[in-house]
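The values are calculated or read from the model by the stated rules, or taken from the named source; none is laboratory data. For clarity, every value in this text was computed on a predicted model and none was experimentally measured. Cβ placement follows ideal geometry from the backbone for every residue including glycine, while neighbour counts extend to all protein chains displayed. Remember, those area values only see protein heavy atoms, side chains included, never the ligands or the DNA or RNA. Shrake-Rupley method; radii C 1.70, N 1.55, O 1.52, S 1.80 Å.
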Amino acid sequence: MITLRRTRLLRVADLPDFRRTISVLCRGAARRAVLVPSRAAAIELTRTLVELNGSLTEAPLVLTRDQLYDELHARLERPPIRLSAIEREAIAQAAAISAGDRFAPLPFQIRPGLVVEMMRFYDQLRRQSQRVDRFEELIVDSLGSTGRGDRGVERLLTQTRFLASAFRAYERRLIERGSCDEHLLRARLISEPARQPLRHLVVSVADWIADPAGLFPADFDLLTRLPHLQSVDIVCTEAVLRSGFHERVRRWLPGLEEGVAEVSGRLPFARPTLICPATKDGSADLWHTCRDREEELIAIARRFKQEGQSEANFDRAAIVFKHPLPYLYLAPDTLGAAGVPYHLSDALPLAAEPVAAAVDVVIDAIETRFSRNALIALLRSPHLCFNDGASVQQAAIGALDRTLSNLRYLGDASRLEALARNWPNDRAAKEAAPALQVALAAVRRLLGFLEPAAAADQIEQLAVLLERHFRPLPEGDPLAARELRARVIILRLLRGLAAAHAAHHNPCWSIDELGAAVRRLLGQETFLVESGTGGIRLVDDQAARYGEYNDVTIVGLVENEWPDEPRRNVFYSSPLLKALGWPSEKDRRAAADAHFADLLQSPADTIALTTFTLDDDSPVARSLQLDDVSRVGLPTETSDLGTDVATTSDPLTEELLPPDALPLPAHAWSVMRTSRSSAEQPQFHGQLGPQASRSWSVSALETYLACPFKFFAQHVLRLEEEPDDEEVMDPRRRGQLVHEVFEQFFRTWQAAGYGQITASNLEAARRMLTEVVERSLASLPEGEAGLERTRILGSSAAAGLGEAVFRMEAERPVPVVERLLEHPLRGRFVMETANGSRVVELRGKADRLDLLADGTFRLIDYKLGWPPDRTRALQLPIYGVCAEQRLAEHRGDRRWMLGEAVYIAFGGPRRVVPLFAQPADRDEVLRAAQQRLVDTLDAVDRGEFPPSPDDVYRCETCSFAAVCRKDYVGDV
Ligand code: SF4
């Protein structure tokens, strides 16, 4: 059936003209549809059409590409059964397994995740109008000429034949079932009449190369052949056409008419002003740099408050991001708390909903065989309840966490049951008892999932379990409706997956397979979130093209987001994909730059750009697209977004609206924020003011030198570090073990009458150390004991720590007369400083003091890692000073002098590291350390605990990163 149609390309100068052209095409829009990239874009366009055209009595259909197929399917006289994505995946799994049997052994495993990638690849092929046979032919031809006999090539050939065979099997199964997917539907749409045909279509997206949500060659082909479609108008900006789309669209649509859209009611060359920050030297950067994403929103809130914008102005402003998360989550605490009204409407990943995380927690607990961390997360989940609705105190869960860690519980239901039968009787264990009972109940309930079972049964069982153990939602909770909606979607998806597997493919699944399938299922689904009715629009860059705004701020301009990273194809390299018609990265990047340039010129009045330097506390680089801003040539105006003080003040405490005028959640936030102290106060930056003097351990003061805030968290707040659940020992436990082993060895050595370790008794020392080590390791699991044994005693490949200790002593000529092991140094000591002598109160314990026959002593400190930087070291030199004072009366009236101080370091390139390179340096090293010590004590007494590590990389492994708000912004 041939329908005469008019296919036009309407070229527009920029996005304001783009919107006006669409609005003109939609006037009197009976049976007209507009194709947009996303549901959020549809919302923005509908709003714009109302603004430009007045009320929409004959509103056009505003559809995404998927919705267009749904709509066309629904309009067929006899619509075929259309498979859901879940059903397609189940059929594709069965097809892949049957194809895999033909090509066994395959060089890879057919996992459900791989089948998803296969279907993504299949869809892409078919949308690019490739047939399966042609795909196989093209790849085999390309590979055939590059070298048969090569193992890599043979592997690719097998993969290609497997994929082609699986795709054919999938297509056969679809036809056998009388059902269709998007590709079979396209054929039906072209050959069958519709009950209510679509007559006019306005296409406002480009192709898939220029637009991630754009049309493919097969879609363009459909538009040229769809019965009764009379006109297709493609509206596109000049910039996007120039990026390569113009050449391509003429290929997709031969005979395309072209014209420049006539747009009235707009001043020619009207361009927004770029709001730039003022720099210290008076020049202007073109973008604002914030600390992180939260501060970007705070800076915008501050600007709106400073400018005293009216509500009408809020409605004409937009914040534009590439990805909605985490901006949509940050909005209530920033814009909302400042009383800046905002409106958001976007499809977020369902997996980002808190209740979806609860499903993950359940699966994680089973997959890890109930490891301590996973079990504790299960008990702490606010969405789940394994206690018949009663809640367990968080303190009891915390106590259970500590007790299980102390008992070295690493998982396994039978081990937990055994521990419960012999539960300790100490205070923490008693406090943990109620939580233990709930943990046991949860484990018993989940144990059955460890037995492999039919996929449909496993999924249905999971849905039943969740339904039963979702915690009842409290009445009056403002978030209950959203949570309920998410729960309903999750259960519906799980039951849909169970039904798809029961109908099409029902293999036996382990918990790992169940977990992977459920995570993928939730990860693919989106969840429409909408809030507020007016205010600043929070939209992504695709939707922003459709909104009429006066003021736009583009946020999150960092690398890998602007532009987005391309999705990698897991099957073929770029040259092979090119043979199949895949676009080049150059074309994609050119289109992304064109969209960005369009967006810069989209608002009527002003535009501002922000980037940031820390993402989840990790440094990030700004977007390279910012380099293109100057080329757009916008007029500029200098105005401070407030980013320079964003880290030191809370703009949200400055009143904009009286709290009573705000809606409920914003009101609560506003009251809370305005009633609390200013973030500029020194307390928020580690300055607590004078503290009462007290005695400190020298090792704690050494921590202060590494990072004052870490010292504060550890020694003033006494925060405990999270226990680790490693199969091997954590550094703290290993440190204890090594110290205990060497203390025990030297005590036994001395008790046996040995003195100095020399070449002649080295063998005896080795035997004795072996015995001591074996005794210490007896209670450890074999794997862990083996590692520690090798570390201390060495192996045929490398010497152990013991050898380093022995050799260091055997090489020294002066005999040892006595050893003081784990020697306490406590009380008042005199430190010599630049301002004279000063008495300080200290605590410490020297690992080892060897008193030598010449009246000197050797001080030894075991270090598990690298020795500290000598210019920051405290423990060894200060112990040396303190020991000289304490040993004054030891063994008669002899005066013992520090002769040598060494680190025996088990990390770094050298085992034995002296504190001072030569005796002449001794006095200077000790003098500097004493000065450092009193300076540190003074800083502690002044209450100065800024988060300023001596090395920023320290933060990567710091246990207190979660409670530390670092002040530095990538410039340390
Ligand atoms: S995270 Fe960094 S700044 Fe914060 S306490 Fe740890 S080391 Fe100090």
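The set of residues in segment 946-958 being under 18 Å from the mean Cα position of the chain (by Cα) and within 8 Å of the ligand (Cβ to nearest atom) consists of Cys955, Cys958.
With respect to the stated conditions, Arg88 is open to solvent by 10 Å² or more (accessible area, probe 1.4 Å), within 39 Å of the chain's Cα centre (by Cα), of a type in the set (Lys, Arg) and under 30 Å from Arg495 (Cα atoms). Evaluated against (1) away from the ligand (no atom under 12 Å from the Cβ); (2) at pLDDT 75 or above; (3) not in a helix (DSSP H, G or I), Leu719 falls short on exactly one condition, (1).
Would you tally the residues in segment 871-889 being open to solvent by less than 50 Å² (accessible area, probe 1.4 Å) and at pLDDT below 90? Break it down into steps so the answer makes sense when it comes.
Taking segment 871-889 and keeping what is open to solvent by less than 50 Å² (accessible area, probe 1.4 Å), we get 873-884, 887-888.
Applying the additional criterion that residues be at pLDDT below 90 yields 873, 887-888.
Of the residues in segment 871-889, 3 are open to solvent by less than 50 Å² (accessible area, probe 1.4 Å) and at pLDDT below 90.
Kindly indicate whether Glu841 is open to solvent by less than 10 Å² (accessible area, probe 1.4 Å) and either out of contact with any Leu (no Cβ under 7 Å at 6 or more places or on another chain) or polar (S, T, N, Q) (or both).
Working: open to solvent by less than 10 Å² (accessible area, probe 1.4 Å): no; either out of contact with any Leu (no Cβ under 7 Å at 6 or more places or on another chain) or polar (S, T, N, Q) (or both): yes.
Judged against the criteria, Glu841 is not a match.
Among the residues of segment 326-334, is any at pLDDT below 85 and surrounded by 24 or more Cβ atoms within 10 Å (Cβ to Cβ)? Within segment 326-334, none of the residues are at pLDDT below 85 and surrounded by 24 or more Cβ atoms within 10 Å (Cβ to Cβ).
Name the one entry in Asp150, Asp181 that is touching a residue at least 40 places away in the same chain (Cβ under 8 Å) and of a type in the set (D, E, K, R). Lay out the reasoning, then the answer.
Working: Asp150 fails: touching a residue at least 40 places away in the same chain (Cβ under 8 Å).
Sole residue among the options that is touching a residue at least 40 places away in the same chain (Cβ under 8 Å) and of a type in the set (D, E, K, R): Asp181.
Pro354 meets each of the listed conditions (1) in contact with a His (Cβ under 9 Å, 6 or more places away or on another chain); (2) open to solvent by less than 10 Å² (accessible area, probe 1.4 Å) apart from (2). Only one of these is acidic (Asp, Glu) and in contact with a strand residue (DSSP E or B) (Cβ under 6 Å, 6 or more places away or on another chain): Asp854, Asp869, Asp861. Name it. One residue alone meets the criteria, Asp861. Of the residues Leu407, Leu419, Leu436, Leu446, the single one that is in the same structural domain as Asn387 (by TED's automatic domain parsing) and within 31 Å of the chain's Cα centre (by Cα) is Leu446.
Working only within segment 45-58, note down all residues that are without any contact (Cβ under 8 Å) to a residue 60 or more places away in the chain and either farther than 17 Å from Tyr546 by Cα or surrounded by fewer than 16 Cβ atoms within 10 Å (Cβ to Cβ) (or both). Steps first, please.
Restricting attention to segment 45-58, the residues satisfying the condition of being without any contact (Cβ under 8 Å) to a residue 60 or more places away in the chain are 46, 49-50, 53-58.
Correct list: Val50, Gly54, Ser55, Leu56, Thr57, Glu58.
Looking across segment 508-531 at every residue that is within 18 Å of Pro326 (Cα to Cα) and not in a helix (DSSP H, G or I), the one that is most open to solvent (accessible area, probe 1.4 Å) is identified as Glu530. Looking across segment 796-823 at every residue that is part of a helix (DSSP H, G or I) and hydrophobic (A, V, I, L, M, F, W, C), the one that is most open to solvent (accessible area, probe 1.4 Å) is identified as Ala810. Scanning segment 930-945 finds no residues that are within 14 Å of the ligand (Cβ to nearest atom), surrounded by fewer than 16 Cβ atoms within 10 Å (Cβ to Cβ) and charged (D, E, K, R).
Of all residues in segment 694-703, at least one satisfies being charged (D, E, K, R), more than 14 Å from the ligand (Cβ to nearest atom) and either at pLDDT 95 or above or open to solvent by 20 Å² or more (accessible area, probe 1.4 Å) (or both). Within segment 466-481, restricting attention to residues that are without any contact (Cβ under 8 Å) to a residue 24 or more places away in the chain and outside any loop (DSSP other than H, G, I, E, B), which residue is farthest from Val355 (Cα to Cα)? Within segment 466-481, the match that is farthest from Val355 (Cα to Cα) is Arg468.
Return yes or no: is Leu664 away from the ligand (no atom under 16 Å from the Cβ), over 19 Å from Thr289 (Cβ atoms), out of contact with any helix residue (DSSP H, G or I) (no Cβ under 7 Å at 6 or more places or on another chain) and modelled with pLDDT under 65? Criteria met by Leu664.
Need the failing condition index for Pro37 against (1) surrounded by fewer than 22 Cβ atoms within 10 Å (Cβ to Cβ); (2) modelled with pLDDT of 90 or more; (3) within 25 Å of Ala317 (Cβ to Cβ), just the number. Unmet condition: (1). Of all the residues in segment 414-425, those that are in contact (Cβ under 8 Å) with a residue 12 or more places away in the chain and surrounded by fewer than 16 Cβ atoms within 10 Å (Cβ to Cβ) number 4.
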